[in-house]
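Asker: Below is a structure I'd like to ask you about.
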Amino acid sequence: MEGRGGQGDQCIEADQVLWSSCYLMLAVGDGAPARKSSTVGEGQVRNSISVRLIRHGESQNNQVYRDARRIYKGGTPDFDLQGWLKYVDDRRSADPGLSDVGKIQAKKLSQYLEPHLMNQASRPVRFVVSPMRRTIETILPTLEVMNNGNNNHGSKEQNSCNVMINGFYFESEGCHTREKVEPGMNATQINESLLHPSGVTNASFAGFSKGQENGWYAHGTGPETRPESEVRAAKFYVWMMEYLDQQLSEAGGDQNADDIFDAGVTLPGEENEQCHDRLAPRTRRRRTAIFVGHGDFMSLVLKRIVAGFGHAVEKTSVPHRSAFVHFNTGITELEYFGNGRFLIMSQNHVPHLSDPEGSCYITGGSLKDGWSYVMPTDGCLDSEVSVAFSDEVLPHVQEQTDALRSLYLSKKDTSLVNETKGNEDKTGSELTIVVKRGLQVVGCANLNEKTGRLSDVVVRPSARRSQVGQSLIDAVKEHARQANIDTIVVTQPHTLDGKEFFQKMGFSSVDDGAAENDKSDDSYSSTIIRMECKL
């Protein structure tokens, strides 16, 4: 526990000021946004850039893993692990291209993106692409049709695409065969084997740790671990924001870019434009950035986009508690407003595969495709107890403790207990003790360091038979001893379950009175019982 003289309060206040000045849209009952601001007027311009995250088409490895799960009965009691491993090892590639289905998905994606981008995106469209073969092959049909003029508009547009191959936007685990590192392609190999034959001759390269003359994974010493993937996701998230912020800065100053504007404003002549129509022409075409990547690593980046800098790794080496799933060539639409502010407009939609013909090509986004395996197994997250002064509890912990008290402590409980405090000295320092599993709070309590009063003891119902209550009270007792408290006192509405719990924890009743007459296991008495634990 940090001392009272820390900077925690100042940081929280600064975050609250930033939040109140930047996020002005509050959800209301009818689904419409309500504007609330004391510092920013209705005329404030909210410029944004249109952003797309796209997963690659089905790769040859995706097909290998899918077939292996089917053949060797993955996820069943009859799962043949050795057979599965041999099948995968014999067929898996370190940097695979697209499967036959993946090539069809890429073609269908281009048939959707070409009219969408030609009609609604300014030039050039920015593409940031993973250095892996399958992502480049996924976007090549789109780049070809936009660069070569073989489009429905019948004309060639100069500089229609700005392509960057980002060397640290690769999939989790990196590039390896049977645990042996492969360097991946370097810039020359990517150009000669993929980009140049498709007419992409001006691509830029970034993020190649050992230089563009070496492969994008030349720095690897083995398959990338989960902690290493998390570190790289944070790095890419920061890089991505800087990449977009630099473009947003072009809206002002000498450049005065006319393709960056407040897309929430309707100008004369735009009244009949339908926002949901992704193919129809727009009067004003917008700055657009497309990031072509991978399912797992995109999920790591999206978690940071949702949580901002508040994202935390739950436990080293443990996979996602939550994840974003994408079909092959699934598209997530974002709006970026600068300084790390994103709106998620839609997630994992496949309009190009949604017609009756295309539906048979939807792959890679179901539980049978293995996504359930990224979830941590039961019991892998240990319970952790923390103690903090109540005004220094981390926001994500405070939010959960407030919710637990609201759900499982009735207003009647609280009002009856508060009545018993009456004239007690309330000048003591209030502590909050919590039990967490990973980032999830499963139990909490308050302890007054001066009076020794224990209050607001709550344990999630699903955790009440897993020693969470014991851990909570043990932590209370340990801190009470350190604070030279000789007696812990708890007052609560009388229930037989509550009384039995505290008796097991070493508390004894003081002046039960009429409370003993209440025999209901789940009903509350109007009488308060007082229990004490001598230390």
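Asker: Could you list, in sequence order, all residues of the stretch 240-269 that are within 21 Å of the chain's Cα centre (by Cα) and open to solvent by less than 20 Å² (accessible area, probe 1.4 Å)?
Answerer: Selection gives M240, M241, L244.
Asker: A further question follows. Can you name the residue in the stretch 195-239 that is among the aliphatic types (A, V, I, L, M) and within 14 Å of F170 (Cα to Cα) and is also least open to solvent (accessible area, probe 1.4 Å) among such residues?
Answerer: Going through the stretch 195-239, the residues among the aliphatic types (A, V, I, L, M) turn out to be 195, 200, 203, 206, 218, 231, 233-234, 238.
Now restrict to residues that are within 14 Å of F170 (Cα to Cα): 206, 218, 231, 233-234.
On the way: A206: 27, A218: 40, V231: 103, A233: 0, A234: 40 Å².
Going through the qualifying residues, I end up with A233.
Asker: Let me ask another. Within the stretch 320-363, which residues are out of contact with any strand residue (DSSP E or B) (no Cβ under 8 Å at 6 or more places or on another chain), open to solvent by less than 40 Å² (accessible area, probe 1.4 Å) and part of a loop (DSSP other than H, G, I, E, B)?
Answerer: Across the stretch 320-363, the qualifying residues are H320, A323, G340, T363.
Asker: Could you please let me know if D296 is more than 30 Å from T138 (Cα to Cα) and acidic (D, E)?
Answerer: no
Asker: May I ask you to verify whether H276 is open to solvent by 40 Å² or more (accessible area, probe 1.4 Å) and either within 28 Å of S59 (Cα to Cα) or of a type in the set (S, T, N, Q) (or both)? Break it down stepwise before answering.
Answerer: Details: open to solvent by 40 Å² or more (accessible area, probe 1.4 Å): yes; either within 28 Å of S59 (Cα to Cα) or of a type in the set (S, T, N, Q) (or both): no.
Judged against the criteria, H276 is not a match.
Asker: Among residues belonging to the stretch 364-400 that are of a type in the set (F, W, Y) and under 20 Å from the mean Cα position of the chain (by Cα), point out the one that is surrounded by the fewest Cβ atoms within 10 Å (Cβ to Cβ).
Answerer: It comes out as Y373.
Asker: Right, V313: farther than 29 Å from V101 by Cα, open to solvent by 40 Å² or more (accessible area, probe 1.4 Å) and part of a loop (DSSP other than H, G, I, E, B) or not? Even if it seems obvious, please write down each step before you answer.
Answerer: Details: farther than 29 Å from V101 by Cα: yes; open to solvent by 40 Å² or more (accessible area, probe 1.4 Å): yes; part of a loop (DSSP other than H, G, I, E, B): yes.
Judged against the criteria, V313 is a match.
Asker: Follow-up question, since we're still on this one. Taking the conditions exactly as written (of a type in the set (S, T, Y) and modelled with pLDDT under 95), does S155 satisfy them or not?
Answerer: yes
Asker: Report, ordered by the first and then the second residue, all pairs with beta carbons closer than 8 Å, sequence separation of six or more or different chains, a first member in the stretch 57-76 that is within 21 Å of I331 (Cβ to Cβ), and a second member that is open to solvent by 70 Å² or more (accessible area, probe 1.4 Å) and of a type in the set (D, E, K, R).
Answerer: Listed by first residue and then by second, the contacts come to G57/K103.
Asker: Now for a separate question. Mind checking which residues of the stretch 181-194 are of a type in the set (A, V, I, L, M) and either in contact (Cβ under 8 Å) with a residue 60 or more places away in the chain or open to solvent by less than 30 Å² (accessible area, probe 1.4 Å) (or both)?
Answerer: Of everything in the stretch 181-194, those that are of a type in the set (A, V, I, L, M) and either in contact (Cβ under 8 Å) with a residue 60 or more places away in the chain or open to solvent by less than 30 Å² (accessible area, probe 1.4 Å) (or both) turn out to be M185, A187, I190, L194.
Asker: Which one is surrounded by the fewest Cβ atoms within 10 Å (Cβ to Cβ), of the residues in the stretch 426-448 that are modelled with pLDDT of 90 or more and more than 19 Å from E399 (Cβ to Cβ)?
Answerer: That would be N448.
The values are calculated or read from the model by the stated rules, or taken from the named source; none is laboratory data. Just so it is clear, the structure is predicted and the values come from calculations on it, not from any experiment. Glycine also receives a Cβ, built like all others from the backbone with ideal geometry; neighbour counts cover every protein chain displayed. Protein only, heavy atoms only, side chains kept; ligands, DNA and RNA dropped before computing areas. Shrake-Rupley method; radii C 1.70, N 1.55, O 1.52, S 1.80 Å.
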